[in-house]
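The values are calculated or read from the model by the stated rules, or taken from the named source; none is laboratory data. Note that the structure is predicted; figures quoted are calculated from it, not measured. Positions of Cβ are generated from backbone atoms using ideal geometry, with glycine treated the same way; all protein chains shown enter the neighbour counts.
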Amino acid sequence: MREIKMCGFVGYVSNEKEQLVGSQKKLVQKMNQPIVHRGPDEEGYYIDESISLGFRRLSIIDIENGHQPLSYEEERYWIIFNGEIYNYIELRDELIAKGCTFQTNSDTEVILAAYTEYKEKVTEKLRGMFAFVIWDKQEKSFFGARDQFGIKPFYYAVEDEGLYVASEKKAILNVIENKELDQIALQNYLTFQYVPSSNTMNKAIKELPPGHYVTKKLNKEIVITKYWQADFIPVVKTEEQFAKEIKDSLYDSIEKHMRSDVTVGSFLSGGIDSSIITAIAREFNPKLKTLSVGFERPGYNEINLAEETAEELKVDNFSYTITAQEFMDEFPRFVWHMDDPLADPAAVPQFFLSKLARKYVKVALSGEGADEIFGGYGIYNEPHSLRLFANTGRLTNHAINHLARLMPEGVKGKSFLLRGTTSLENRYVGNAKIFDEIEKKKILKNYDANYPYIAVTNPLYQKTLGYCAIDRMQLIDINTWLSGDLLLNADRTTMAHALELRTPFLDKEVFKVAQQIPANLRIANGTTKYILRKAVEGIVPNDVLYRKKLGFPVPIRHWLKDEMYEWALQIIKDSQTDHLLNKKYVVDLLNKHRTGKIDYSRKIWVMLTFMVWHRVYIEDKQEFLIEPLSYAVKQ
C-alpha cells in the first residue's frame, strides 16, 4: 500500500542547551492548530532537548506505516515530510543494494535512508514534489529542503532563541512576537500581484526558495544553499525527435503521478494543458473523473468547452458555476488560506474548483508549468512583434518613447510604442505587471525609491546575458511567477479543502526534455507551445489542441462596475490602511473604472486583495473561520 501525505508540518529548533519538553509541545501544538486543513485526520509530534517537530496528516492509505514524525536508524534520524516522491521505488532498490534496511513501504522512509547515504545531495536523487525537515539527533544538525520548482511550500523565521519552520506562514505567525509588515514586500506586491520570494509580507518570516536547502547546527546560524537552477540548454534535434521525447516523458510522468490507491481526478478547463493531462491520464484510468468551474456571466464560462472535451475523451465531468455573490462571500477565507496577498483573479476560481473536486476525489492532476517550460504565453511572441524597433536607433527610440508617454491613457498604440522602445530588462518583469514606480509613489505613503521592481528581476537577467529574449522571459517566469503565483495558489486552494494536487508537467524528467528545445520550436508558426502541440497530435482532439489560449477568464472587469462596486467601495472605506496607502487614489481608480472606458480592474483587485489581507492578518478580523469545512468524498 502506498502512503499519500496530504499534510503539513511545523518545527522549532532551540538555541538553548536544553529546552523544556512540556512548553515546547505546547508551542508546536499552537503552530499546528492553524493548518488543520492540511491534515484534519491526525497529528503527530517528536520533541527532544533541542528540537520540536509537529505534523498534520490526512489518512488515506497505509495508515499503520504513515505516521509522522518518522524515525530511522534506532531513532537517530527524524523526518517530517510533505509531498510525493515518484521514483521512490527505484531509489529504495538502489539503497537496499547499498545495505539500507526498511521498516515501511513509504517514500518518507526512503528519503531518510537516502539522507544517511548521500547527506545534502539527497535532493539530487529525488523526483517529485517535496518540502521536508530531517533532524540528526546524534549530530544535533537540522536539514530542510524544498523541491526544484517550489510545488510544496517551506517557511521559516529566525529569532534569537531559535529557528521556526512550517508548511504555511500562518503557523509561524501564531507563535512569534514580531509581526511587522515588510514595506518593500508591499512595494513589490503592487507590481507583481504577489510577494516575490524569498520575502513575505511579514518582515520576520521568509520563504525557502525553490531548489534550495537550509542547514543549521545547534547554536549556529542557518546556511541556505542552492542545489538546482532552471536553465535552457538548446540542442540540435529534429522536430520529430523532440516530439517523441516530449510524448514519452509526459506518459512516464503522468503514469507515475497517477500511482495511488484512491480515486484520482483531473482538473479540466477549455485549454490545452489540462486536456493533455486528461487525455493521457484516461489511458491509465478510463474511469478518470474530471472537474470544471465557470461563471454565470456570458463569455466567462468554459464549462461547455470542458464538457465537450470530456465527451470527446470519454470521461466523466463534474462542474460548478460560480456567482458574484459567492465570490465575494468566500474571498476573505481565500485570502486567509493564501498566507500572503495573491491578487491573481484566476486564483479564486481554483478555490471553488478544489472544493468541487474534494466531493469526488482525494487526488487531482493539474496542468501548472506547461506554459512556463514549453512557451505557452502569447507575450512570448513579443520579441518578434517588436523587432522593427531594433533598427530604428537609440535616439529615435528615445524620442518615440517620450512622445508615447505624452499620449493620453487608453489611446490605441501607446502601449505598443512604449514597450517597443523599452529594453526587455525594463519592460518584462513577468507574466503580470500591475503598477509601475510612478504609480506606486502616488499610492504608497512610505515609498522607497531604492527598491524598484526591476531589483527583483535584474539578478536573473544578469545570469542570462547572451540568451535569446524568449529564453530570458521564460526563465523570469519560471523563477518568479511560477512559484510566487501559480504554485502558491495551487497548494493553498487545494490544501484548503484537504485535496492533494499533482502537477505532471513540473516533473524534473519532463523539464530535462523541455530545456533542450530551441526557442524557435517553442514559439513557431504563429502559435505558442508549438512542439508540445505536435507531440500530442492524435492524443488530444485537434479542435482542442489548436484552440486559442483562454487562460482562466474571471469577470471582475464587469463585476467591479456592477455587482461588486458597493462591496469594493466598502472594503476601501473600512480598511485600516490609511498609514500605508493613499485610499483616495484607490477610490478614484474604482470610480474611473465604473464610469469610464479604461479597464482598471486588475489594479483595483491588487488593492482590494491587500486590504482584505490586512483586515485578516493585521487587524485580526477572521470571523469567517467559524464555518467548518467539509471533507466528505462521494464514492
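Among the numbered conditions (1) touching a helix residue (DSSP H, G or I) at 6+ places or on another chain (Cβ under 6 Å); (2) in a loop (DSSP other than H, G, I, E, B); (3) farther than 30 Å from Asp620 by Cβ, the only one that His497 does not meet is (3). Evaluated against (1) among the charged types (D, E, K, R); (2) modelled with pLDDT of 95 or more; (3) out of contact with any Leu (no Cβ under 8 Å at 6 or more places or on another chain), Arg533 falls short on exactly one condition, (3).
In this structure, does Phe142 turn out to be modelled with pLDDT of 95 or more, buried (at least 24 other Cβ atoms within 10 Å of the Cβ), touching a strand residue (DSSP E or B) at 6+ places or on another chain (Cβ under 8 Å) and not polar (S, T, N, Q)?
Numbers: modelled with pLDDT of 95 or more: yes; buried (at least 24 other Cβ atoms within 10 Å of the Cβ): no; touching a strand residue (DSSP E or B) at 6+ places or on another chain (Cβ under 8 Å): yes; not polar (S, T, N, Q): yes.
Judged against the criteria, Phe142 is not a match.
The sole residue among Tyr189, Tyr213 that is in a strand (DSSP E or B) and not basic (Lys, Arg) is Tyr213.
May I ask you to say which residue of Leu268, Leu353, Leu288 is touching a residue at least 60 places away in the same chain (Cβ under 8 Å), under 25 Å from Ala498 (Cβ atoms) and buried (at least 18 other Cβ atoms within 10 Å of the Cβ)? Lay out the reasoning, then the answer.
Values: Leu268 fails: touching a residue at least 60 places away in the same chain (Cβ under 8 Å); Leu288 fails: touching a residue at least 60 places away in the same chain (Cβ under 8 Å).
Residue meeting the stated conditions: Leu353.
Taken over segment 139-183, the criterion of being of a type in the set (A, V, I, L, M) and in a loop (DSSP other than H, G, I, E, B) is satisfied by Ile151, Val175, Ile176.
Cβ separations smaller than 8 Å between residues 6+ apart or across chains give the following pairs from segment 517-535 residues that are within 16 Å of Asp273 (Cα to Cα) to residues that are of a type in the set (D, E, K, R) and part of a loop (DSSP other than H, G, I, E, B): Arg522/Lys529; Thr528/Lys549.
What do you reckon, is Gln474 out of contact with any Asp or Glu (no Cβ under 7 Å at 6 or more places or on another chain) and modelled with pLDDT of 95 or more? Spelling it out, it is not the case that Gln474 is out of contact with any Asp or Glu (no Cβ under 7 Å at 6 or more places or on another chain) and modelled with pLDDT of 95 or more.
State whether one or more residues within segment 410-419 are under 17 Å from Pro196 (Cβ atoms) and of a type in the set (Phe, Trp, Tyr). Let's see the steps before the verdict.
From segment 410-419, those under 17 Å from Pro196 (Cβ atoms) are none; that's our starting set.
Taking every residue of segment 410-419 in turn, none turns out to be under 17 Å from Pro196 (Cβ atoms) and of a type in the set (Phe, Trp, Tyr).
Within segment 591-628, being in contact (Cβ under 8 Å) with a residue 60 or more places away in the chain, among the basic types (Lys, Arg) and farther than 19 Å from Ala347 by Cα holds for Lys597, Arg615.
Scanning segment 402-421 for residues that are in a loop (DSSP other than H, G, I, E, B) and more than 18 Å from Leu386 (Cα to Cα) yields Met407, Pro408, Glu409, Gly410, Val411. Evaluate segment 119-129: report whether one residue or more is assigned to a strand (DSSP E or B) and closer than 30 Å to Leu486 by Cα. Yes: one or more hits.
Filtering Ile438, Ile434, Ile470 for residues that are hydrophobic (A, V, I, L, M, F, W, C), assigned to a helix (DSSP H, G or I) and in contact with a helix residue (DSSP H, G or I) (Cβ under 8 Å, 6 or more places away or on another chain) leaves a single hit, Ile470. Could you tell me which of the residues Asp574, Asp588, Asp543 is closer than 22 Å to Gly271 by Cβ, among the acidic types (Asp, Glu) and surrounded by fewer than 19 Cβ atoms within 10 Å (Cβ to Cβ)? Being closer than 22 Å to Gly271 by Cβ, among the acidic types (Asp, Glu) and surrounded by fewer than 19 Cβ atoms within 10 Å (Cβ to Cβ) holds for just one of Asp574, Asp588, Asp543, which is Asp543.
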